[in-house]
Amino acid sequence: MPKYLALYSDSGEPMPEMTPEQGQAMMQAWFDWRDGAGDAIVDFGAPTMPVSEGAGRIGGYSIVQADSVEDLDEIFESNPHLHHGGTVEFHLIHDIG
């Protein structure tokens, strides 16, 4: 099954301050998305931070598997990042092995 790299980009706006409860609720939304996606998640991923000059606004990644790009839309329809104004960019991972 094809694998895709999902790159999470932010809107460029600073993240609002959150209470510990709001932070926990946000993380729970991510875990709920992961659990709902099931076997489609190959690597849940992690947040990232740019360290080189000129780096873009990539704030994290996941690796998912799906039969088609249309299936990606279904997998990501409940993704919390999209519901907080972010965008997700998909790249097909070519198997070279």
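Laboratory data are not the source of any read-out in this text; all were calculated from the coordinates shown. Worth saying up front: this structure is predicted, and the values here are computed from it rather than measured. Virtual Cβ from ideal backbone geometry, glycine too; neighbours counted across all protein chains shown.
What to note about this one:
- Residue in the stretch 88-96 that is aliphatic (A, V, I, L, M), surrounded by fewer than 15 Cβ atoms within 10 Å (Cβ to Cβ), in a helix (DSSP H, G or I) and more than 13 Å from the chain's Cα centre (by Cα) present: no
- Filter result (in a strand (DSSP E or B) and either out of contact with any Asp or Glu (no Cβ under 7 Å at 6 or more places or on another chain) or surrounded by fewer than 10 Cβ atoms within 10 Å (Cβ to Cβ) (or both)) within the stretch 51-65: ILE58, GLY60, TYR61, VAL64, GLN65
Every residue, every condition in (1) among the small types (Gly, Ala, Ser); (2) within 19 Å of HIS83 (Cα to Cα), yes or no:
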site	(1), (2)
PHE31	no, yes
ASP35	no, yes
ASP39	no, no
PHE44	no, yes
PRO47	no, yes
GLY54	yes, no
ARG57	no, yes
GLY60	yes, yes
VAL69	no, no
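- Some residue of the stretch 31-41 being loosely packed, with under 10 Cβ neighbours inside 10 Å and β-branched (Val, Ile, Thr): no
- Boolean, GLY45 is part of a loop (DSSP other than H, G, I, E, B) and out of contact with any helix residue (DSSP H, G or I) (no Cβ under 6 Å at 6 or more places or on another chain): no
- Among residues of the stretch 48-69 that are in contact (Cβ under 8 Å) with a residue 40 or more places away in the chain, those with a beta-carbon under 8 Å from a residue that is of a type in the set (Lys, Arg) and not in a loop (DSSP other than H, G, I, E, B) at least six positions away or on a different chain give the pairs ILE63/LYS3; VAL64/LYS3; GLN65/LYS3.
- ILE75 meets all of the listed conditions (1) crowded, with 17+ Cβ neighbours inside 10 Å; (2) out of contact with any helix residue (DSSP H, G or I) (no Cβ under 8 Å at 6 or more places or on another chain); (3) not in a strand (DSSP E or B) but one, namely (2).
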